[in-house]
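Heads up, the thing below is written out as structure tokens.
Since every read-out is calculated from the coordinates, none of them should be taken as a lab result. Predicted, not measured: the structure shown is a model, and the values here were computed from it. Cβ placement follows ideal geometry from the backbone for every residue including glycine, while neighbour counts extend to all protein chains displayed.
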């Protein structure tokens, strides 16, 4: 037999199938036959035959004309880096979260068991290393078996790789459908791209790309995640049986899912093992041994989200920040696409020691099993805005029925995944102090501060005159004459009401804004008489950031949870910069630091010192709806809030048992204070014990006391007052 005749005989089954297509006279019959054949790759086989065997009579002429049009199709398929995880690390480089739209970890072929490629080729394309993108013999075999009623595909690994790439890079659902449609146009495009890919990549590169790209079911994209999902081992350690199961999944991962259809997965695995024996890559006895062992599933739950993170709320806050930062893209669409693509390592500002200390202190005093009571804390670095910790007692979860869980990050603003905020109580008195000092008033500024009084004559920023405001102190023994020092130590409401009037209501609210205060719900601060008593809803992170302004001697820095973003493929690193601005005069900030240090010396923060220079202020809202403690060292600021998730106004912190302890009323110094103290001790243990700048001489004697004062320095700093518009 001549070489030409051998080629013709080899093509007989293929040509018979194709002539069957040509013999149909009716368009509908021809379309049905074409769709049936194109789904097998037979049409692609025809084009290949036309390219390599143009002598096959009239059929060759028809095919040659088709091939000319085929070769004019675009073939320069872009092979992008595969979508992968976004890896979040703490400031010291320790990973704590992996986030991915498609859970995948790209690995090299050297990190994949050779049994995986062997099993895959046995079941999908046993001539992979011999053909150039199209296996004519495989196509003909598939056509012949299909004609006998045994439907088979004829796509090579390269063609499947191209199809998966087109799906991976699709921008719309329409593009996804087009990349997987069973029609002639898609098969022609796929084949043309496959030929191009074979020219540009080595076989090993194609196989590596295929194994990293393929979907193996169970949310596992790529063989590395698949190995961990089903066997809890790296892909490098897969044995022949395990590799055979994974290779069997690529054709229909949902149907053969071993977690939901173990019988189907087992049957498919055994088919692959048989093919490995038939192609002489596995000994028959070894194949039988693997069959007898069953699937051996040891699954690892799906990862790839903040829910699986060691610090889920910090992870969630960071991902939201990235989606709104121009660091990784100029538009929201660009940033989202960059995150979906992945391949990023994000070095966050998280200090694991601070985070762990905060979580431990909170859980100790407000356990998450006390499901309606919450505690939340934020820590931030003065002078840089680096967010060091975000902690809360309620665990991360989306089930409203699950006790002690929430998807809300209680330490941050609503726009950052938090709540609409909580009234901050007497922590707002700090802004009144700053406004007074910046206006030139000194520590000796004194007022007779009775138990209760009416304050009138204040005006809002628009000139609206406020009606008389009735204000009273929380305790019975803190009335009398007070100056800034004694009133701050005792958190005297009637003193601060008068100091706010002296400074100006508008000037006080503007000082809060200069320090960085804004409402957690994104609305404007309400400017009314009781502003100094903290009737604005804010978040712990916002209060901590504003107190950090004073710690940084008047420099406000926008909070940020990211230091840098590194592209894993190229090593390109994008660094964030501190967005800081001096908003408060330095001497006024130094004066505030001096005054708030006094609260630890016989004031409302008595007994809450942390063994190094610190400044702080308690806060309890009207009716004990919420209790706060905000304080700082020169290198770390923090704010803690305690309340009830059902709403503090309807469920105040009165006559409550929290963490096994009964409280008649929860003040800022009785529960938030100890949380702050313990967490700050742990968080600052590895930081320098820096001191604050000295008290400015322009404000007078830093130890001045009023001529007459009565009081017992109790923790009762609760605030009362009617909000006035």
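The listed peptides 462-470, 187-195, 650-658, ordered by packing as a protection proxy, come out as 187-195, 650-658, 462-470 (highest mean of other Cβ atoms within 10 Å first). All Cα-Cα distances of the range 161-278, cut into 10 Å bins from zero to the largest, leave 13, 37, 35, 14, 0 percent in each bin in turn. With the simple model of a label 7 Å out from the Cα in the direction of the Cβ, residue 333 to residue 271 spans 4.2 nm.
Kirkwood-type hydrodynamic radius, the range 489-561: 13.1 Å, calculated from all non-identical alpha-carbon pairs.
Taken along its principal axes, the alpha carbon cloud of the range 90-136 reaches lengths of 55, 22, 17 Å, longest axis first. Both the radius of gyration and Dmax for the range 426-506 are 12.2, 37 Å, in that order, over alpha-carbon atoms. In the calculated pair-distance distribution of the range 600-689, the portion above 16 angstrom amounts to 53 percent of the Cα-Cα pairs.
Here, P(r) means the percent of Cα pairs in each 10 Å bin from 0 to the largest distance; for the range 268-367 it is 12, 24, 17, 16, 18, 13, 1.
Neighbour counts of other C-beta atoms within 10 Å: give me 686, 290, 482, 368 arranged from fewest to most.
Lowest count first: 686, 368, 290, 482.
Building the convex hull from the alpha-carbon atoms of the range 480-616 and averaging its projection over directions returns 11.0 nm².
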